[in-house]
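Taking it in order: structure first as structure tokens, then the write-up.
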């Protein structure tokens, strides 16, 4: 693999850090609206969820430093931590949005089970089922809060396109596909960030209250 491709793959991974910082900034800038108008359950939980995505990326970067950025599907401790913190990130953000007792219990069960299901029978298949359940709950709770169809684009970018690029990478071994996984996941998060940014304006328009547009 060429040096240029290695640098491009590394840069693609670090794009997640930028998006995480942007999303935390968005919620901090809109904190009054989300605390007092929409009455979200916990902004600190949402912040911590985004931090979990950055931690997950750090574990992935650490593993790639050992394999020289050449992706090989394998079972490892670092890979377990990578997947676990992705689920933790989705879980903490979902729990911070709105209370839903049964979905929250299911989400917590998935978060607890993830590290233990990883690598069962030398497979990631049980983990992928958990990730799908978590992603559906995550997006459902986003839609309940935001009432914006664009939240479903998260599933398109993270669970269809990014997953498709990952499968293509594993099947073909062509490391070019590695370039797309991180940025597609980052775009998925950025779409949710955009929806969160414009929600106060959409809310103000729906309420016919121009004063809210400065929230």
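So which residues in segment 18-33 are touching a helix residue (DSSP H, G or I) at 6+ places or on another chain (Cβ under 7 Å), in a helix (DSSP H, G or I) and either surrounded by fewer than 16 Cβ atoms within 10 Å (Cβ to Cβ) or in contact (Cβ under 8 Å) with a residue 60 or more places away in the chain (or both)?
Passing the criteria: 19, 20, 22, 23, 26, 27, 31, 33.
Where in segment 113-207 are there helices (runs of 4 or more DSSP H), lying fully within it, with 2 or more residues that are farther than 24 Å from residue 81 by Cα?
Correct list: 125-146, 178-207.
Any residue in segment 55-72 that's on the phi < 0 side of the Ramachandran plot and touching a residue at least 12 places away in the same chain (Cβ under 8 Å): show its pairings with residues that are buried (at least 18 other Cβ atoms within 10 Å of the Cβ) and in a loop (DSSP other than H, G, I, E, B) at Cβ separation under 8 Å, as long as the two are six or more apart or on different chains.
What qualifies is 64/71.
Across segment 35-46, which residue is farthest from residue 84 (Cα to Cα) among those that are part of a helix (DSSP H, G or I) and without any contact (Cβ under 8 Å) to a residue 24 or more places away in the chain?
36
Can you tell me which residue among 86, 108 is in contact (Cβ under 8 Å) with a residue 12 or more places away in the chain, in a helix (DSSP H, G or I) and more than 30 Å from residue 11 (Cβ to Cβ)?
Answer to the selection: 108.
Inspect all residues belonging to segment 47-63 and state whether any of them is surrounded by fewer than 16 Cβ atoms within 10 Å (Cβ to Cβ) and more than 20 Å from the chain's Cα centre (by Cα).
Scanning segment 47-63 turns up no residue that is surrounded by fewer than 16 Cβ atoms within 10 Å (Cβ to Cβ) and more than 20 Å from the chain's Cα centre (by Cα).
Test residue 117 against the criterion of being closer than 29 Å to residue 26 by Cα and either in contact with a helix residue (DSSP H, G or I) (Cβ under 6 Å, 6 or more places away or on another chain) or without any contact (Cβ under 8 Å) to a residue 40 or more places away in the chain (or both), and give yes or no.
no
Determine whether residue 1 is part of a loop (DSSP other than H, G, I, E, B), at pLDDT below 90 and over 23 Å from residue 120 (Cα atoms).
Yes.
Any idea which residue in segment 194-215 is farthest from residue 156 (Cα to Cα), counting only those that are modelled with pLDDT of 90 or more and surrounded by fewer than 18 Cβ atoms within 10 Å (Cβ to Cβ)?
Top of the filtered list is 201.
The values are calculated or read from the model by the stated rules, or taken from the named source; none is laboratory data. Treat the numbers as computed from the prediction; the structure is a model and nothing was measured. Here the Cβ is made from the backbone with ideal geometry for all residues, glycine too, and neighbour counts use every protein chain on show.
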